[in-house]
Amino acid sequence: MGKSRARRFRRAPFSPTGPEQRRGGEDGPEEEPAAELLDKLQHPSAEVREYACASISKLLQQKHVIPAFLQRDVVRCLGPLLMDHSLAVRETATGALRNLSACGGFEVCDDMVTKDIMTPLVALLKECSTGLDANQLSPKKHREMDKNYIEDIANEAVNLLWNVCECNNTAVSIFNKEGCLEAVLRCMKKFSTNVDLAISVANCLQAVTEDNPDLLSSFNASAQQILETVMLCPESTMKHILLRTLIAGTIWNIKDTIPPGSLGSMVNAILKIFSESLAIDAGETIIRMNEAEKNRSKLATETETEENMSDVIDNCVLSEDDDMEEIPKGKVRRENDISDLLPSDKWELKEVTALLMAQQTALEIIVNMCCSEDPSDDEWEEVSSSDESDLFMENSYNEGSGLLMSPLCLSDEINSAFLNNLIPKKILEKTAFPNSVAVDICMHNPSWKPLIKKLNAVQCRALTCLHSILLVSDMDCLGGASALQSLAQHLSQLIFSKTELPTDTEFLEAITSALRALLQTMASKNISQCMTPEQLLALCEAGIHSSNASVRVNAVSILGISGSVLAKGQDTAETLKMIGKFLLDVAMKESSLVVAGEALDALFDVFADGKEAEKAAVQIKLLPALKEFQPVFKMRIRKEGKGQYSTDQLCVLDNVKMNLRRFIAYQETLGKTPT
């Protein structure tokens, strides 16, 4: 049976509706026509231009209105305002373009780059980064400097830059050529006083450093020193944990710039940060932070009530004695109200969100650390066959030790750091279902409800991480046979603990990938499996109806592994018949050739050897069924192959076609062998 491939995570696209999305003025009339608002961008009054930008920013959060603005060339209308004389206009214009890039998606970002948004954006970013040191923007100070416009504008600009670089290679090339790295690193230096700006920069850096060798030479000793300083910052808030995690991901992306002698300590530092993040119980944090939010809200209400009562008393006293010295307005509030010392509105929610993003990011980077750098990794989920996958595992073989590569595919020293930081243990903890109390809190609180999706995402990333570790680790590293059996029981509980089998596509893909890799490892070491064939059949019945081809591939592969183990036992013919019928049905009826090919591959493994397999094959009439299906499969490859499948996938299918011919010939020889 072919081995599943390690998944390599690409950075997820930015969320168009995330909590950090820039919002414009809340009072702008949404019904105001796009044309009228765009006309106001040319108004001589800065306040009118700011109002127009804020109104556009708000409207652009609604995807259905974006085409109307694009038709009126909103990018070229807003672009010049990035260098407007008014700082408030700069901020709202950049925020509007940020919303456009986030809500419009890849095609809109491509269009923004085509319309040269990078020219004013780079100019703005460089001016902001210079102004951060001087605490002013050229040519002169503005009346708006009451609030720190420089950092706020820089934050919007960096987020816009992140969005377009995430989507467009031309934007990344401009980032490289225009020296944007220096500008964003200047912004990063503000991490001790403006963690939100630093997080934006870290997100941008992680995006632009991925698969970007042209940028590596720009990471000189000074640049690396800035990143190292941020990694070592002692602050323990969830936002700072997220910041350190993102920077760790950036350093992993630029690992080729690290001297070989420092590589071990660098990876150890990265894994220590990931361990710190994964050690935190997100469910308990939600419970604690939600309670803190309630207490803060209650305290604020009580304080406001006391203030109102004090005002009433003050007014009564003053009315009784007009000669008494007047108490300055607001004096009572300043002396008794501690709200300025408390977190800002939704601080607790933002902290939990930052924690979940840190954990998800850490898990994704660990997956990338474990996986191959094969350029075809983007197609990992569609490619699977005995020949191709065995080649992958052969490439993962360490000739010196005779074992599969250790985690991270690096030295024993680094592998030791991986284990010393308890990464496998913490990953396993994250594969459990989210805390039910925490989920209930989120369900009954509209502003916290989006956290449920983030909790589930962390679980799925942990399962994918587990899958990758199983692929590249030897059995001793995983804890031996007993640990693998315990892991199998754990995965079984995740699948069968509820009354109905899971249907969520992301979860199904993650759990079946992990289970497939685990069963492969256990089968190769002759470790008994704890799941019954009936349980596996039920799971595969659910999986084969998924709309996700990867889930369907995993389903038939799992049955193939289980069936090949059963074929070596005794009195298993009846179960093998069920498995054989299932796989035959998939091969003949599956719409995806890749899944059909995997089903055939599984059949070859199940019925390759053994008396029980021979008996079952005869009873389900496997040979005549395959002989009848063989020309159909060939014709499908010829007709459907070129237009729908990649070169790698077609190569895999050709191997399956050749193996089908060989398997039929093998089955025919069994029929001729005298009993």
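The values are calculated or read from the model by the stated rules, or taken from the named source; none is laboratory data. Owing to the predicted nature of the structure, the values given are computational and were not obtained by experimental measurement. Heads up, the Cβs are rebuilt from the backbone with ideal geometry, glycines too, and the neighbour counts pull from every protein chain shown. Note: areas computed on protein heavy atoms with side chains; ligands, DNA, RNA excluded. Shrake-Rupley method; radii C 1.70, N 1.55, O 1.52, S 1.80 Å.
Could you tell me which residue out of Gln489, Trp448, Leu515 lies farthest along the dipole of region 426-551 toward its positive end? Charges go on the beta carbon: Lys and Arg +1, Asp and Glu -1, centred on the Cα centre.
Trp448
So how far apart, in nm, are the two label points at Phe106 and Glu574 if each is 7 Å from Cα heading toward Cβ?
Placing both labels 7 Å along Cα→Cβ, they lie 5.1 nm apart.
Could you do me a favour and compute the accessible area per residue for region 502-659, 1.4 Å probe, result in Å²? Walk me through the numbers before you get to the answer.
On the way: 6540 Å² over 158 residues.
Heavy-atom SASA per residue in region 502-659 reads 41 Å².
Using Cα-only point scatterers and the Debye equation, what is log10 of I(q)/I(0) for region 474-532 at each q in 0.16, 0.17, 0.18 Å⁻¹, rounded to two decimals?
Treating every Cα as an identical point scatterer, log10 I(q)/I(0) equals -0.51, -0.57, -0.63.
How many percent of Cα pairs in region 524-670 exceed 22 Å? Write down the numbers at each step before the final one.
On the way: 3930 of 10731 pairs.
So the portion of pairs separated by more than 22 Å is 37 percent.
Can you tell me the FRET efficiency between Ser265 and Gln489 if r is taken as the Cβ-Cβ distance and R0 is 35 Å, rounded to the nearest 0.05?
Working: r = 37 Å, r/R0 = 1.07.
Plugging the Cβ-Cβ distance into 1/(1 + (r/R0)^6) gives 0.40.
Starting at the first residue of region 112-120, write each ³J(HN,Hα) from the Karplus equation 6.51 cos²θ - 1.76 cosθ + 1.60 with θ = phi - 60°, in whole Hz, x for Gly and Pro.
Listing the rounded values in order: 5, 5, 4, 8, 6, 5, 5, 4, x Hz.
Modelled label-to-label distance, Arg296 and Ala46, 7 Å Cα→beta-carbon offset: nm?
3.2
Order 623-634, 575-586, 87-98 from most to least packed using the mean count of other Cβ atoms within 10 Å. Please report the intermediate quantities before stating the final value.
On the way: 623-634: 15.2, 575-586: 21.3, 87-98: 27.6.
The most tightly packed comes first, giving 87-98, 575-586, 623-634.
Would you list, by chain and number, the lysines whose Cα falls below 27 Å from the Cα of Lys115, excluding same-chain residues fewer than 8 positions away?
Reachable lysines: Lys40, Lys58, Lys63, Lys126, Lys177.
Quickly work out the Asp476-to-Gln62 label distance, labels modelled 7 Å from Cα along the C-beta direction, and quote it in nm with one decimal.
6.5
Cα-Cα over 22 Å: which of Lys190/Lys350; Lys525/Lys568; Lys190/Lys294? Kindly include the intermediate steps, with their values, before the conclusion.
Values: Lys190/Lys350 20 Å; Lys525/Lys568 14 Å; Lys190/Lys294 31 Å.
Lys190/Lys294, as the Cα separations exceed 22 Å there.
Given the convex hull of the Cα atoms of region 190-264, what is a quarter of its surface area in nm²? Mind dumping the intermediate values first?
Numbers: hull surface 20.0 nm².
In nm², the orientation-averaged hull projection of region 190-264 is 5.0.
Enumerate the lysines that Lys498 could reach by cross-link, defined here as Cα to Cα under 25 Å, with residues fewer than 8 away along the same chain left out.
Result set, ordered by chain and number: Lys425, Lys426, Lys430, Lys449, Lys453, Lys454.
Could you rank the peptides 445-454, 205-214 by their average count of other C-beta atoms within 10 Å per residue, with the highest value first?
Working: 445-454: 15.5, 205-214: 19.1.
Ranking, from highest mean packing down: 205-214, 445-454.
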